[in-house]
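Only one structure is covered here, and it is reproduced in the block below.
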Amino acid sequence: MSDLTNKGKEAVGKAKEKVGEFTGDRDMAAEGKDDQTESKFKQLTDDAKGMAENVADRVKDVFKK
């Protein structure tokens, strides 16, 4: 999933949370928090994947020399 998609889902989650709090809809507020948590987790896993790929590329470069 792209970083932009994750950021969009996080923003929608924040909006759901605020609307839920404003209207007293606990389920919507909780769903918004869940959306934010899921988005942040996906961002972290995408970042970790990118770092792992970078390390793998560096290791390959070392062995090519």
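The values are calculated or read from the model by the stated rules, or taken from the named source; none is laboratory data. Computed from a prediction, not measured in an experiment: that's the story for all the values here. Cβ placement follows ideal geometry from the backbone for every residue including glycine, while neighbour counts extend to all protein chains displayed. What goes into the accessible areas is simple: the full protein's heavy atoms, side chains included, and nothing from ligands, DNA or RNA. Shrake-Rupley method; radii C 1.70, N 1.55, O 1.52, S 1.80 Å.
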- Among the residues of the range 1-29, how many are touching a helix residue (DSSP H, G or I) at 6+ places or on another chain (Cβ under 7 Å) and touching a residue at least 24 places away in the same chain (Cβ under 8 Å)? 6
- Mind checking whether some residue in the range 6-15 is open to solvent by less than 60 Å² (accessible area, probe 1.4 Å), modelled with pLDDT of 95 or more, in contact with a Lys or Arg (Cβ under 8 Å, 6 or more places away or on another chain) and polar (S, T, N, Q)? no
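Would you call residue 49 loosely packed, with under 11 Cβ neighbours inside 10 Å and assigned to a helix (DSSP H, G or I)? First the steps, then the outcome.
On the way: loosely packed, with under 11 Cβ neighbours inside 10 Å: yes; assigned to a helix (DSSP H, G or I): yes.
Taking the combined requirement at face value, the residue satisfies it.
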- Within the group 64, 14, 42, 60, which residue is under 22 Å from the mean Cα position of the chain (by Cα) and over 18 Å from residue 2 (Cβ atoms)? 14
- Message: Out of the residues in the range 16-50 meeting the condition of being of a type in the set (Lys, Arg) and in contact with an Asp or Glu (Cβ under 7 Å, 6 or more places away or on another chain), tell me which one is modelled with the lowest pLDDT.
- Response: 40
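Tally up the residues in the range 16-36 that are small (Gly, Ala, Ser) and exposed (fewer than 13 other Cβ atoms within 10 Å of the Cβ), please. Before the answer, list the steps.
If we filter the range 16-36 for residues that are small (Gly, Ala, Ser), which is where we start, we get 20, 24, 29-30, 32.
Those still in the list that are exposed (fewer than 13 other Cβ atoms within 10 Å of the Cβ) too: 24.
Here the count works out to 1.
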